[in-house]
Amino acid sequence: MVPVLDAVELEEIRDDFPVLHQQVHGKPLVYLDNAATSQKPRAVIEALNDYYQRYNANVHRGIHALAERATREYERARERIARFINAESIRSVIFTRGTTEAINLVAYSWGRANLKKGDEILTTWMEHHSNIVPWYQLCAETGAVIKRIELNPDGTLATPVISPRTKLVAITHCSNVLGTINPIRQVADAAHKAGAIVLVDGAQSIPHMAIDVQALGADFFAFSGHKMCGPTASGILYGKERLLDAMPPFLGGGEMIREVNGTGFTTNDLPYKFEAGTPNIAEAIGLGVAVEYLDRIGMDKIRQHEKELTQYATDRLRELVEIQIYGPLDAEKRGGLVAFTFGDIHPHDLATIADQHGVAIRAGHHCAMPLHKHLNLGATARASFALYNTRQEVDALIRALKEAKKVFGACPTARQMGY
Amino acid sequence: MLDDLYQQIILDHYRRPRNKGKSDPHDFVAKENNPLCGDEIEVTARLKDGKIEEIKFAGHGCAISQASASIMTTKLTGKTLADAETFITSFLKMMRGEHLFGGKELGDAKALEGVLKFPVRVKCATLAWHTAQEGITSLKDGAK
């Protein structure tokens, strides 16, 4: 099969990312921790510099040239992002600091206004803490309860049971551990039929595949910029206008008001109602540039490249007999990441040895402790891919794992050690 | 550099952990975890004539945390509580880079100094020692 990106195209993409061209511990850097944060292309880095060096000013306020330019670029970023996700309108696209803030916004604003004792929030075992803790907090305040959609043995989602008490389904589009891509449209249809709304955590899907929030049936869709080649502290909450309009504001302050008098205030229009204070202007503009960059390469191409790479990685990993891979083995059903354990070698030891070979992977619970408990796992190692990763880099990971095997070769199994 | 971290002594303790299990009966028990790594450890110990007669550890974790726990038990066995506390304090100082053990008294524990070159792994090496310290403190508090 001919790869979707040939060697020349891939090299061109890699040239766009200055950080990739360096040595770590005397070896070429192999960056496989993209699910934690992706690297940034030169265009994004330059956009940040450009803002600060040429037109740094506050948005929506000043009556001067720099402020007008800053406002124009900031709003242009919003328009690009709105198109990128096929949002209902630019009014439905709110800048946040990232997925976590976006979900907290919904929990605080929509949740407190709409949930009461006995209501149910349906979620899954494979959520990141950012799509768990805000709901725990909300439940503690309102008396609502958490229910979970079960997992199938292969790491895919069982059929959701939506009860008449379900008010919200909070679900990740793609698991940051299992890699599972969840059937959002199917879940959303079932939820809507029961009168519930759906919040989708898109942090791990949007960097890797084309997203159409309306086709998905998402009422809310939250994501971070820094995992999709954008700056840190950039992110988006997409929400249906109908819902956002009815919600009370989240943070109070400047920008989110229309008028403040001696005793009260009236709120601004969408999306500004939810953007109190001076936003992360440079970062928002940078995210717009990141989206433009990804668009230029093409999300379908990126998805195909990462699918090929993930399949290659799972195949190569499985050559090592003691490898246990978590989640679906079919790259069609998973995003561009593979979490695994290797015999009884602790993931932290694997990560340290990999690092000494220049290979950056993640080890631990990946901010998904309930999932690890649910699967009875202490920790896992995770390799996660981006558009710029290559098969040679997967090979470097495999070599590092073989080295780890040499170091720890004759270790007894955990069970033999008497747990 | 990797050899500084995974020294033969450390690998030996990891492969053949000493005093693995649970002291039964025991005079103190302490549990700690490192939620970042998912490591969990339980330290139990029995005293006789004011000295630690037996100290054991159970749980799971990386090579460094397991080897360090094993080494900890071998170093504290036979010590009075006061001596054990002093030893733990010195060890923890070493792992903060504040104090370098030169003497023989540290024995195998000296091997863990190499972990200092890997700052993110230091907490793996200190987990068992903090747990033992907690156990001793709880025993002293109980006696008051």
Computed over chain A: longest principal axis from alpha-carbon atoms vs helix A:281-297 long axis, angle to nearest 10 degrees, is 60 degrees
Residues from region B:112-144 losing no less than 10 square angstrom of accessible surface in the full protein assembly compared with the chain alone, 1.4 angstrom probe, ligands and nucleic acids excluded, are B:118, B:121
Using alpha carbon positions and the Kirkwood radius, the Rg to Rh ratio of region B:2-139 is 0.93
Whole-percent carbon and sulfur contribution to the accessible surface of region A:44-296 (1.4 Å, no ligands, DNA or RNA) stands at 50 percent
With the 1.4 Å probe rolled over protein heavy atoms, region A:44-296 has an accessible area per residue in Å² of 40 Å²
Per residue of B:61-67, other chain Cβ atoms within 10 Å number on average 5
To the nearest Å², the heavy-atom accessible area per residue of region B:2-139 with 1.4 Å probe amounts to 42 Å²
With every protein chain kept in place and a 1.4 Å probe, region A:316-419 has an accessible area per residue in Å² of 38 Å²
Longest principal axis of chain B (C-alpha) makes with the long axis of helix B:81-95 (C-alpha) an angle, in degrees to the nearest 10, of 20 degrees
Comparing A:333, A:193, A:240 in a Gaussian network model of chain A (Cα, 10 Å), the one with the largest mean-square fluctuation is A:193
Rounded to the nearest 10 degrees, the helix A:133-142 long axis (Cα) sits at an angle to the longest Cα principal axis of chain A of 50 degrees
Summed over the other residues with a beta carbon less than 11 angstrom from that of residue B:21, with K and R at +1 and D and E at -1, the charge totals +1
Across A:346-358, the residue-averaged tally of Cβ atoms belonging to other chains within 10 Å stands at 5
Between chains A and B, total accessible area buried, probe 1.4 Å, no ligands or nucleic acids, nearest 100 Å², roughly 1800 Å²
With label points set 7 Å from each Cα along the Cα-to-Cβ direction at residue A:329 and residue B:51, the distance between them in nm comes to 5.7 nm
Around residue B:30 (Cβ within 9 Å, Cβ-to-Cβ, excluding residue B:30; K/R +1, D/E -1) the net charge comes to -2
Of A:97, B:121, A:91, A:14, ordered by accessible area with the largest first and a 1.4 Å probe, the sequence is A:97, A:91, A:14, B:121
Using a 1.4 Å probe on heavy atoms of the protein chains only, the accessible area for residue A:64 in Å², nearest 10, reads 90 Å²
Descending packing, highest mean Cβ count within 10 Å first, for A:106-116, B:55-65, A:366-376, A:172-182 is A:172-182, B:55-65, A:106-116, A:366-376
Taking every residue of B:11-19, the Cβ atoms of other protein chains inside 10 Å of its Cβ average out to 3
Of region A:278-293, those with amide N under 12 Å from the point 7 Å along the Cα→Cβ vector of residue A:65 are none
When every protein chain stays in place and a 1.4 Å probe is rolled, B:26, A:129 sorted by accessible area with the largest first are B:26, A:129
Charge tally for neighbours of residue A:372 with beta carbon under 14 Å away, counting Lys, Arg as +1 and Asp, Glu as -1, is 0
quick note, the protein assembly as shown, DSSP beta bridge pairs, % antiparallel (nearest 5) is 70 percent
For region B:2-139, the percent of accessible surface on carbon and sulfur atoms (probe 1.4 angstrom, ligands and nucleic acids excluded) is 51 percent
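The values are calculated or read from the model by the stated rules, or taken from the named source; none is laboratory data. Since this is a predicted model, take the numbers as computed values, not measurements. Because the Cβ atoms are built from the backbone with ideal geometry, glycine has one as well, and the counts that use them run over all protein chains shown. In case anyone asks, the SASA skips ligands and DNA or RNA and just uses the protein heavy atoms, side chains included. Shrake-Rupley method; radii C 1.70, N 1.55, O 1.52, S 1.80 Å.
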